[in-house]
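Here's the structure we're looking at; comments come further down.
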Amino acid sequence: MPDWNRPDWKKIVRERMASPNSPLILKEEVIAELAAHLEETCEEAQSCGLDASAALERTLQEVNDWHVLAAKIRRAKSKEDPMNARTKTLWLPALASLLGASLAMTLLQRVGVRPRLVWTGQVEMAFYVPWLALLPLFGASGAYLSRRAGGTVRTRVTASLAPVLWLLLLCILTEPLELASRGFSSLLYFGYGLAQYVAIPGIALLLGALPFLRESRAPERQPRTT
Amino acid sequence: MTKRIRSKIARGSGELAILSLLAEQPLYGFEISKQIGERTGGALKFTLASLYPLLYDMEKRGWVEGHWQANSAGRDRRYYRLTPGGRKQLAPLKEEWRTFFQALDTLAGVSHA
């Protein structure tokens, strides 16, 4: 809690702007500037007759959401626009993972690789084993590129899973047609389809991504309160 | 009017207000916000949350530049001054707003409201 008589404005700004989800900490210079602004706002409120605690309360109303402010300042201070940041951390790595997996499947089919058929008792499932064996590479490339661009762990996972997220979307979009033509029996095929095209390839992709998820980009150590 | 358009208008008016003030003299953030409030009779108000993202963005675009300097009370403050690039922006920005208000005036008679 700040000292009501003489608040430590830098400490207040640092504490309120700190976010566990944010990989970047604002520069000390920015914190000092915002703290100076709050200090003068508070002094002015006191000179208008407010007592210290009321002045502090009014001063803190200058900012509704500190995390939003921190994000806006980061964007303003950043050398690139936010679209570029998202493109670099998510879309490009996801595209690399998706293209790699798609090209590998196309090439394997061109050279005549046949799927291994597995009879489950109800449905025959087809697995391209060489493709599944290659998937960790593409999961790793998505996660690696995302991490290199400063992506969060969630972004890295999403980028690495792009090939199966695309397949999942296709499954979901086509299921209503299947339901209409085959009735509820299509739900069984849907379930096996999810396992065959989403769950098992997803696990393979995640296996490749794992080494790049563990090493989180830790936030810089916050400066000590002065 | 969509939120996006309102936001662009607010941003544009903020840029013009800040550039106009800094064209007169270098000021630091609190002074900018205070002078805008006082000179517009409170019609335009900048809180810390609205002022600094805009100032930093204008600094990134090279319109203003900040430097630390002691104020009259001897406390270090980050003063902003207009750059030649910012000065170049001021006239076209004023012209854009003049055109905008003339257009609104033609449509809605806002200057006589």
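The values are calculated or read from the model by the stated rules, or taken from the named source; none is laboratory data. No experiment lies behind these values; they were computed from the predicted model shown. As a convention, Cβ positions derive from the backbone with ideal geometry for all residues, glycine included, and neighbour counts pool all protein chains shown.
Of everything in the stretch A:22-46 that is among the charged types (D, E, K, R) and at the interface with chain B (Cβ under 9 Å from one of its Cβ atoms), the residue that is surrounded by the most Cβ atoms within 10 Å (Cβ to Cβ) is A:Glu33.
Quick one: how many residues across the stretch B:95-112 are in contact with a helix residue (DSSP H, G or I) (Cβ under 9 Å, 6 or more places away or on another chain) and either hydrophobic (A, V, I, L, M, F, W, C) or at pLDDT 90 or above (or both)? Break it down stepwise before answering.
Here is the first cut: in the stretch B:95-112, the residues in contact with a helix residue (DSSP H, G or I) (Cβ under 9 Å, 6 or more places away or on another chain) are B:96-97, B:100-102, B:104-105, B:110-112.
In the following step, the residues that additionally are either hydrophobic (A, V, I, L, M, F, W, C) or at pLDDT 90 or above (or both) were identified as B:97, B:100-101, B:104, B:110.
Total satisfying the criteria: 5.
State whether one or more residues within the stretch A:1-18 are modelled with pLDDT of 90 or more and outside any helix (DSSP H, G or I). Yes, the stretch A:1-18 contains a residue that is modelled with pLDDT of 90 or more and outside any helix (DSSP H, G or I).
Identify, please: which residue in the stretch A:47-64 is over 19 Å from A:Lys27 (Cα atoms) and outside any helix (DSSP H, G or I) and is, among those, nearest to the other protein chains (Cβ to nearest Cβ)?
The first filter runs over the stretch A:47-64 and keeps only residues over 19 Å from A:Lys27 (Cα atoms), leaving A:47-62, A:64.
From what is left, the residues that are outside any helix (DSSP H, G or I) are A:48-51, A:61-62, A:64.
Numbers: A:Cys48: 13, A:Gly49: 18, A:Leu50: 17, A:Asp51: 21, A:Gln61: 8, A:Glu62: 4, A:Asn64: 7 Å.
Checking each candidate, the answer is A:Glu62.
As a summary of the residue check, A:Gly112 satisfies the conditions (1) outside any helix (DSSP H, G or I); (2) buried (at least 17 other Cβ atoms within 10 Å of the Cβ); (3) at pLDDT 85 or above; (4) of a type outside the set (Ser, Thr, Tyr) except for the one numbered (2). Counting the residues of the stretch A:153-173 that are touching a helix residue (DSSP H, G or I) at 6+ places or on another chain (Cβ under 6 Å) and over 12 Å from A:Leu98 (Cβ atoms) gives 5. The set of residues in the stretch A:65-74 that are at the interface with another protein chain (Cβ under 10 Å from one of its Cβ atoms) and surrounded by fewer than 16 Cβ atoms within 10 Å (Cβ to Cβ) comprises A:Asp65, A:Val68. Where helices (runs of 4 or more DSSP H) fall wholly inside the stretch B:13-113, the ranges with 1 or more residues that are within 14 Å of another protein chain (Cβ to nearest Cβ) and of a type outside the set (Val, Ile, Thr) are B:29-39, B:48-60.
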